[in-house]
Structures are given as C-alpha cells and as structure tokens.
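Student: Submitted below is the structure of interest, expressed as structure tokens.
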Amino acid sequence: MIRFPLLLLSLLGLWAGGVFAQQLLDWTPEEIRTVEKHGPWPPSPVRDPSNKVSGTPAGILLGEHLFNDPRLSGDGRVSCATCHQAGREWSDGLARARGTVELDRRTPSLWNIGYLHWFGWDGAGDSLWAQSIRPLLDPREMNGGPARAAELLRGDAALACGYEKAFGSAPGTDDERLLVDTAKALAAFEATLVSPRTPFDDFRDALVAGNREGASRYPLAAQRGLKLFIGDANCNLCHLGPRFTSGEFGDIGIPFFVRPGEVDPGRLGGLGRLAASPFNLLGKYNDDATGNNTRRTRHVQRQHTNFGEFRVPGLRQVGRSGPYMHNGSLATLEDVVRHYSEVSPDRLHSDGIPLVRPLGLTAEQSADLVAFLRSLDAEPLARPRPAPLCP
Amino acid sequence: MKLAVALLGFLLATPAWADCPLDLGRGTGWVIYSDHYLLAFRPDPLRIEVGEPFALVLNVCTKSGEPAELLAVDANMPEHRHGMNYRPDIVAKGDGRFRAEGMLFHMPGRWEITFDVRAGEESERLTHDIILK
C-alpha cells in the first residue's frame, strides 16, 4: 500500500534533482574564455577625438533636439527620428527605409553605434558625424540641402543658444561648418545610445565568476544555442566581441540585386564614396590633431572581393528589431537561421574553407540558436523627454 | 615565446648574426630567419586585437652584414584564402630598422604574415604564423 506513493515521491525527487542538475551544461575553460570575450556590458562611454563635442553634455543635448527636428528636412516633415525611432530599437520596422522615396536598404538600428569605426551598410562613412551628414543632404532621405542646417541654427533662438553652449560661440556665417557642427552634435547624441544589459550578460558574468547557480538561470536552449554560435556554427568569426560584430565586412550570400539588372555593390561602392567625401577623417573637419584616428581610412584598400560585402551587424537587441539584412529581405530570426542552415555554397564563391557554409541544422538546433539570439534582447528604459536647450 | 627565446640564444651564438640588433625595445617579439636574413619584429601595441589597427616594429639583418631592405609586409589567412582589408606602409628608420603601419586582422584564426626583404639583387619572402583568438 505504502510502496506506490513512496516510489512516486522518489521519482519526483529524481526528476526535480535532474532538472536542477541539467540547468548548466558543461562548459570547458576554452569555451568560458570565448564566452567572456562577448562582454563586459555595458562598455565605457564613447569619446570620439574627431568630434570636439563628443561626450559633452551640451553637445549631446543639442544633438538630441536636432535628432527630433523635422525642420532639418526639405519639406519640413522628416527628422532622423522618423526612421530611427526610439520605440523601434532606433530603426523603423520596415524592410526598406522610406524617405522622400523608398530606399534600397534597411534602416539600421543605432544601438551602440558610437563604438563602430565604419558606418552605413557599405562603410561609406568613417566617423559617426560624417555618416550623420548624409541623410541631411540625400534627396531620397531628408533632402535638406547644404544651407538648411545653418539657417536653422542661426534663425532659431533656442537652437542658436544650444549651439553656443556646445561649441563656445554663436553660429557663424560658414554654412558648411554649421552643417558639420550639426552632424557632430547629432553624433554626440547618437553615441549615448547604449543597449541595456541582457540575460546573456548575466550568464556570461556568472559563468566567468564561477557562479554556477547564477549561470544555471540561463535557459538550456540558449546555452545550447550559444555553444553552437561559438562552436560548430562559427558565428563568432564575424559576430565577435561585446557587440557581436567585428565592425568589418562580409558576404553571407544575401542577394544583392536591387531590381532586375541593378545591383548594390556594397563595400566596393562604399569605399569609393569614402574616398570622394570631403567629410572623411583625412579632411579638414577632423578635430583630432594627432591623426591617430585616421589609420583605418589611410590604410584601407579597395579590392574586387569587396563587391557584395556588407557590414557585419551587431546582434544586441536583434530579436526586437527586424526585418533583417541590408535589404530587409529576411523577415524573422527563424528566417535568418534558416538562411545560415541552407545557404547555397555556389553563391559564396570562395576558394578556401568558406566562412559561411550551409550548416544543415536540425529543427532543435535552429530553435536553440534562435533562443540564444533572443537572449541578447532586453527591454530598454523609457526615454525621458530631453531637457530644454536654454531654459 | 619559449621557442623564440631559445632561438635567440642559438642565433646569438652564431657569430655572423651577432651584430644584428634584435632588441625591439620591449624585451619581447619574434625572430625568424633564413639562410641569408634574420628578422626580429613585435607588434605595437604588443597585444594584437581582432579588428584593431596595429603596427609592426622590425629589424632586418643579413648574414653577410650587407644592409637589407624591407620591401613589403602583408598578411593573409591561408585556410580562407583572403588577405587583410588594409594595406600597410613601410617606413625605414635607418640601421635595418623599419615600421609597418596600418595592419588590421579582421577575424580570429591563423594569419600568415609575409615579409619581402632584399639585399642587393636577391629578394626573399619570410613568413610567420600567428594564431589570433
């Protein structure tokens, strides 16, 4: 009579014990070192020597006001925040951006943008401020024209006052200088956009500290996905470091046809535009007299292999953004993982060991990878409205 | 590292190399050699990080004592058959000392660094592998 419940009890005990023991997979010292490299988070604040208002409270505040100001656009209706929306991970949720017309590329998230060295999907910008000039002028985006920012800074009392606080003098008569300063204030603000800590970060810190109990709170599926990510799937060849990007460029076999007969040359085109830009770091608007920050720009080489390469995106907050890729061609994270699982090797024209090859993942492995990617997400703090420029 | 130190000891014991200034200023670095050339180098900064620019500080010597020239420095990943996305410049500092500025390894894994050196008519390529984690 008594035997049955006893048996049940011990079975239950086994089950509970088993689940607990299973909450942490075995992590080798080598794996722990690899996981450690994806942190710590958050990183220390950015200070960009090419931008004299970078990291300054007055520059950041002016930048936030300008970021939300549609008067910078030709028709007075589009601001940076139209496409880079705080509530949408600083993107817009569209496959392709929509300005005055539909663009050929997706709006990238601006999270953690200050830590990069190349900007835009094709790396046409070598500083955050240079990259912030493009949308102001581009007729397909804000279509502001070269004098618009200057006129606004000179004509609006609050902005003029904010400018003086940030740059130390009232807005002058040099329109191009004021365009660059507008972009530098915008960049100072953008560089403060640092994504929140995530379940992955708690796991990483606990694992590195040898805190088994803390580490075992991280779901098993995410642990298995992470093992794949840094192991057999080799994702961290490109998605490396605390931001999960090398900041460089790659070709993972996403089609680069924009429309029949027209291609997006990616990095190859970006390097051409970089060299032609009067606003690159080799030009007169770089505030860093040491020239130390010009090394990448001076030494980068344009090679035929750059054709069809796009910048490796960071993966923090990735599950909350999307659609994915430079052209928004993949709708969900599941689609992204399916792409890496099934990508055609013919498309990847590589003579050596390919960096991306069809992984042939099982349904469980795919779900694990997605679970890991989703553990890089967290709810950001709500943003208070910016303080007035000159109360 | 141990190997490099052992090598250094061996090379210094060979009189022909004895004049070669192997000291790169930080008490560390790699030494590679062929029948004719001896090359000592170290990165600056000392730790190469994936995605971060660095320079190489080098000394190049010849067995004959003839002055040697460093023609080119490059790097590639033999397994993946791709090179760097950056092209370094070489600055001669005199006395067989050089600085190659503008290197960047954009991926972890095995990188093969190649050094083209020349003394007089004959040039030669020396290589060295680095595993970047």
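Student: With each run of n ≥ 4 DSSP H residues scored as -39500 (n - 2.57), what mean residue ellipticity at 222 nm is computed for chain A after dividing by its residue count and rounding to the nearest 500 deg cm²/dmol?
Tutor: The helix contribution divided over chain A gives -11500 deg cm²/dmol.
Student: When the scattering of the stretch A:48-97 is computed by the Debye formula from its Cα atoms alone, each counted once and equally, what is log10 I(q)/I(0) at q = 0.30, 0.32, 0.33 Å⁻¹?
Tutor: Those come out to -1.02, -1.05, -1.07, one per q.
Student: Which length gain, in nm to one decimal place, applies between B:ALA72 and B:ARG118 when the Cα-Cα distance is subtracted from 0.36 nm times their residue separation?
Tutor: Taking B:ALA72 through B:ARG118 to full extension adds about 15.6 nm, to one decimal.
Student: Using the C-alpha atoms of the stretch A:223-343, what convex hull volume per residue, in cubic angstrom, is computed?
Tutor: Dividing the Cα hull volume of the stretch A:223-343 by its residue count gives 154 Å³.
Student: Just counting partner chain Cβ atoms within 10 Å, what average do the residues of peptide B:103-110 show around their Cβ?
Tutor: 5
Student: To continue, here is another question. Test of understanding: ordering B:ILE130, A:ILE60, A:ILE254 by Cβ neighbours within 10 Å, fewest first, what list do you get?
Tutor: By the 10 Å Cβ count, ascending, the order reads B:ILE130, A:ILE254, A:ILE60.
Student: Taking chain A as a whole, which cysteines find no other cysteine Cβ under 4.7 angstrom from their Cβ?
Tutor: Within chain A, the cysteines lacking a partner Cβ under 4.7 Å are A:CYS80, A:CYS83, A:CYS235, A:CYS238.
Student: Just need the relative contact order of the stretch A:57-190 here, percent rounded to a whole number, with Cα pairs under 8 Å and 6+ apart.
Tutor: 32 percent
Student: Using the Cα atoms of the stretch A:57-190, I'd like the radius of gyration and the largest Cα-Cα distance, Dmax, both in angstrom.
Tutor: Spelled out, the Cα radius of gyration and Dmax of the stretch A:57-190 are 14.0, 42 Å.
Student: Right, next: Calculate how large, on average over all directions, the projected area of the Cα convex hull of the protein assembly as shown is; give the answer in nm² to one decimal.
Tutor: If you wrap the Cα atoms of the protein assembly as shown in a convex hull and average its projections, you get 33.2 nm².
Student: Moving to a separate point now. Just to confirm my numbers, what's the Cα centroid distance between the stretch A:70-90 and the stretch A:247-304 in Å?
Tutor: Distance between centres, Cα-based: 25 Å.
Student: Let me ask something else. Would you mind getting me the FRET efficiency between A:GLU379 and A:THR332? Use the beta-carbon distance for r and R0 = 25 Å, nearest 0.05.
Tutor: 0.80
Student: Under 8 Å for C-alpha pairs, at least 6 residues apart: give me the relative contact order for chain A, rounded to a whole percent.
Tutor: 23 percent
Student: Can you tell me the mean projection area, over all orientations, of the convex hull of the stretch A:183-233's alpha carbons? Units nm², please.
Tutor: The orientation-averaged projected area of the Cα hull of the stretch A:183-233 comes to 5.4 nm².
Student: If each residue of separation counts as 0.36 nm, what is the full-extension length gain between A:ALA81 and A:ALA276 once their alpha-carbon separation is subtracted?
Tutor: Roughly 67.4 nm would be gained on extension.
Student: Arrange B:CYS61, A:CYS83, A:CYS161, A:CYS390 by Cβ neighbour counts within 10 Å, fewest through most, would you?
Tutor: In order of increasing Cβ crowding within 10 Å: A:CYS390, A:CYS161, A:CYS83, B:CYS61.
Student: For A:THR192 and A:ARG347, what does the FRET efficiency come to when R0 = 41 Å and r is the distance between their Cβ atoms, rounded to the nearest 0.05?
Tutor: Result of the calculation: an efficiency of 0.60.
Student: Same structure, new question: Mind scanning A:LYS284/B:LYS133; B:LYS63/B:LYS93; A:LYS52/B:LYS133 and naming the pairs with a C-alpha gap bigger than 31 Å?
Tutor: Checking Cα-Cα distances, A:LYS284/B:LYS133; A:LYS52/B:LYS133 exceed 31 Å.
Student: OK, next. Within a 10 angstrom radius of each residue's Cβ in A:58-64, how many Cβ atoms of other chains show up on average? Whole number is fine.
Tutor: Mean shielding by partner chains, rounded to a whole number: 0.
Student: Exposure proxy check: A:ASP48, A:ASP138 ranked by fewest other beta carbons within 10 Å?
Tutor: Listed from fewest to most nearby Cβ atoms, that is A:ASP138, A:ASP48.
Student: Here's a follow-up. A:VAL208 to A:VAL101: extension gain in nm, 0.36 nm per residue of separation minus the Cα-Cα distance?
Tutor: Stretched out fully, the A:VAL208 to A:VAL101 stretch lengthens by 33.7 nm.
Student: Run down the aspartates and glutamates and flag those whose C-alpha is under 20 Å from the C-alpha of A:LYS165, throwing out any fewer than 8 positions away in its chain.
Tutor: A:ASP48, A:GLU64, A:ASP69, A:GLU151, A:ASP156, A:ASP174, A:ASP175, A:GLU176, A:ASP181, A:GLU190, A:ASP287
Student: Would you tell me the mean number of C-beta atoms belonging to other protein chains that fall within 10 Å of each C-beta in B:74-85, as a whole number?
Tutor: Mean partner-chain Cβ count within 10 Å for B:74-85: 4.
No value in this document is a laboratory result; all are computed from the given coordinates. Quantities reported herein were computed from a predicted structural model and do not represent experimental measurements. Here the Cβ is made from the backbone with ideal geometry for all residues, glycine too, and neighbour counts use every protein chain on show.
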